Amino acid sequence: MKKIKVLVVDDSALVREILARGLAMDRDIEVVGVASDPFIARDKIVRLKPDVLTLDVEMPRMDGVEFLRHLMPQYPLPVIVVSALTRKGAAITLAALEAGAVDVVVKPSTDIARGLNVMLGELRNKVKIAALANVSAWKGNRESIKTIRADSQALAESTDKVIAIGASTGGTEAIRKILQSFTAAIPGVVVVQHMPVGFTKHFADSLNDLCAMEVKEAKTGDRVLPGRVLIAPGDRHMTVRRSGGSYLVDCRSGDKVCGHCPSVEVLFQSVAEFVGANAIGIMLTGMGSDGANGMVAMRRAGARTIAQDETTSVVFGMPKVAYELGGAECLAPLDVIPFTVMNLLAQYKTV
């Protein structure tokens with residue numbers, strides 16, 4: 001098999017060495033070069049033609065976000081951000097994901113020896129996933145996904161509905177584009193995005209600043225309400241349950257399900273059980289099959305279901321499996337999904 005060529009970009013010589021050695025432990029990965037800043041990286045990208053880039057976002061001269069904003073329209077590459085788990089690091093990392101990075105790994109802050117081994121194992125796995133990512137949409141003067149705003153009056157009576165969204169690699173940008181297309185009258189939304197602990201709150205806060213709805217990191221007991229979006233915490237499974245005439249969420253720690261915590265599978269199974277035909281399920285870009293069986297359960301319970309198509313997915317894994325198993329009724333481009341949701345909500349009103 002052809003090895004995955006990786007370029008490591010970090011301003012710390014020690015970190016460059018650690019990452020390079022850690023990646024080289026996998027026989028399917030070849031570190032073709034390292035760079036201490038984006039200017040050196042730019043030249044090496046042209047010369048070495050790496051398949052994947054690992055990128056520190058907090059660097060002198062030019063930070064990783066600014067670098068991505070210049071790089072992706074000209075030379076789109078799958079990029080994995082290597083970030084510190086700090087307030088500043090989380091904020092910059094989210095901006096990097098918005099600028100085109102496909103995933104993130106977190107530098108260990110405690111128990112460095114053990115943490116490094118865990119982080120490097122995660123990085124090797126994510127490099128392999130990133131090598132399959134489709135980032136061609138960033139090429140050239142990338143047109144922004146068109147926004148389809150819903151008619152507030154048309155949604156005003158949809159208070160008993162729940163929209164459940166699952167996503168992984170490339171999902172932060174896809175989620176942002178969908179949520180920005182909704183008005184404050186949209187039924188309650190629950191979201192599982194595979195993301196490290198400590199980043200989901202910043203993700204929710206950033207969406208709250210951009211969207212018409214209230215967006216917050218979920219906590220146990222939060223009500224699923226029209227105009228509210230609840231994001232599962234990075235280290236908790238989130239489930240929906242019914243209490244009287246309301247839907248509530250529970251967030252709990254637990255073993256990984258389908259390789260993840262939070263897991264889309266856990267969320268979707270709970271939506272199938274407690275929301276049933278009042279739900280709309282959306283499966284977005286991501287590697288693997290997390291949530292596919294849960295979407296099958298949702299559809300069997302009467303929910304309407306949509307999966308992102310291959311062309312607009314960064315990684316066509318989770319949507320593909322959900323569709324092939326019969327969980328997703330249809331595949332739709334990212335920019336069409338909000339319009340499809342609006343049509344489904346209108347159908348609910350007429351039955």
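The values are calculated or read from the model by the stated rules, or taken from the named source; none is laboratory data. Fair warning: this is a prediction, and the values are worked out from it, not measured in the lab. Every residue, glycine as well, gets a Cβ built from its backbone with ideal geometry; the counts of neighbours run over all protein chains shown. Accessible surface is based on the protein model in full, side chains and every heavy atom, while ligands, DNA and RNA are left aside. Shrake-Rupley method; radii C 1.70, N 1.55, O 1.52, S 1.80 Å.
A few comments on the model shown:
- Taking only Cα atoms of the stretch 304-348, radius of gyration then Dmax in Å: 10.6, 31
- What the chain shows is 42 Å² of accessible area per residue, with the surface traced by a 1.4 Å probe over protein heavy atoms.
- A Förster radius of 41 Å, combined with the Cβ-Cβ distance separating Glu17 from Cys330, puts the computed FRET efficiency at roughly 0.25.
- Spherically averaged projected area of the stretch 190-236 from its Cα convex hull (nm²): 3.0 nm²
- Put a plus charge on the Cβ of each Lys and Arg, a minus charge on the Cβ of each Asp and Glu, and nothing anywhere else: the dipole of the stretch 1-64 about its Cα centre is then about 420 debye.
- Alpha-carbon Rg with Dmax, taken over the chain, Å: 20.0, 64
- Additional length obtainable on full extension of the chain from Met62 to Ile40, 0.36 nm per residue less Cα span: 6.8 nm
- Proximal aspartates and glutamates relative to Lys201, as straight alpha-carbon distance under 17 Å, when same-chain residues fewer than 8 apart are discounted: Glu98, Asp103, Glu173, Asp209, Glu214, Glu217, Asp222, Asp235, Asp250
- Whole-number D in µm²/s for the stretch 1-91 (Stokes-Einstein; Kirkwood sum over Cα pairs; 10 °C, 1.306 mPa s): 120 µm²/s
- Couplings 3J(HN,Hα) for the stretch 296-307, derived from phi with the Karplus relation 6.51 cos²θ - 1.76 cosθ + 1.60 (θ = phi - 60°), are 4, 4, 4, 5, 5, 7, x, 5, 9, 9, 9, 10 Hz, where x marks Gly and Pro.
- Angle between the chain longest axis and helix 13-24 axis [Cα atoms, degrees, rounded to 10]: 70 degrees
- Under 27 Å from Lys5, Cα to Cα: lysines that are on another chain or at least 8 residues apart: Lys44, Lys49, Lys107, Lys126, Lys128, Lys139, Lys320
- The phi-based Karplus calculation (6.51 cos²θ - 1.76 cosθ + 1.60; θ = phi - 60°) puts the 3J(HN,Hα) values of the stretch 117-125 at 4, 5, 5, 5, x, 5, 5, 4, 5 Hz, whole numbers, x for Gly and Pro.
- Along the stretch 164-173 the Karplus relation, 6.51 cos²θ - 1.76 cosθ + 1.60 evaluated at θ = phi - 60°, assigns HN-Hα couplings of 10, 10, x, 7, 9, 4, x, x, 4, 6 Hz to successive residues, with x for each Gly and Pro.
- Extent along principal axes [Cα atoms of the stretch 228-344; Å; largest to smallest]: 38, 31, 25
- Based on the reciprocal of the average 1/r between different C-alpha atoms, the Kirkwood radius for the stretch 210-261 equals 11.8 Å.
- Apportionment of accessible area to carbon and sulfur, the chain, percent (1.4 Å): 50 percent
- What separates the Cα centres of the stretch 43-61 and the stretch 260-289 is a distance of 35 Å.
- Both radii come from the Cα set of the stretch 221-295: Rg as radius of gyration, Rh as Kirkwood radius; their ratio Rg/Rh reads 0.94.
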